[in-house]
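What follows is a set of notes on a single structure, which appears directly below.
The values are calculated or read from the model by the stated rules, or taken from the named source; none is laboratory data. Predicted model only: the values in this text are computed from it and were never measured. For neighbour counting, all protein chains shown are included, and Cβ atoms are generated from backbone atoms with ideal geometry for every residue, glycine included.
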Amino acid sequence: MRFAWVLGLSIGLLAGACAKKGGEVDTTKDVYTEEEAPKVQIEVLNGVSREIPWAEVPESQRWFTEYGDHGTYKLRVPIVKVIIFSRDKEGKPVPPEQGWRVEYEEVGLNPKHWRHAYAGKDH
């Protein structure tokens, strides 16, 4: 159920990313160039959304990458959305660094590439 929700949000985000770039973006590729990266990355923290300019996103948090032979990219997809749910022991929203349970989801420009992880003091 949560994946369907994330996928729905991702499709909306992709439409927004295309509009921000001023043209259509292919959301089916596995390797994207720097020029095809979005202008912003969307971060949703405990239900509150904000846009982070691409240049301000740390390099390690911009791309899903996998290398092929001879140092070429086998996979290079921009991460366009990061969703973070962070709760304390009672289930109340808190900043991630204070979270008892923190859930991260990252969605790529090609929505078939996504990552889901848990962190927090209960892990």
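Taken together, VAL82, VAL77, VAL48 contain a single residue that is within 29 Å of VAL25 (Cα to Cα) and either out of contact with any Asp or Glu (no Cβ under 8 Å at 6 or more places or on another chain) or free of Cβ contacts under 8 Å to residues at least 24 places away in the same chain (or both), which is VAL48.
Only one entry in GLY22, GLY68 is among the small types (Gly, Ala, Ser), touching a Lys or Arg at 6+ places or on another chain (Cβ under 7 Å), modelled with pLDDT of 55 or more and over 16 Å from GLU106 (Cβ atoms), namely GLY68.
Among the residues of the range 20-42, those identified as among the acidic types (Asp, Glu) and either surrounded by 14 or more Cβ atoms within 10 Å (Cβ to Cβ) or assigned to a helix (DSSP H, G or I) (or both) are ASP30, GLU34, GLU35, GLU36. Scanning the range 80-99 for residues that are closer than 25 Å to ASP122 by Cβ, part of a strand (DSSP E or B) and aliphatic (A, V, I, L, M) yields VAL82, ILE83, ILE84. Scanning the range 43-74 for residues that are part of a loop (DSSP other than H, G, I, E, B), over 13 Å from the mean Cα position of the chain (by Cα) and exposed (fewer than 13 other Cβ atoms within 10 Å of the Cβ) turns up GLY47, GLY68, THR72.
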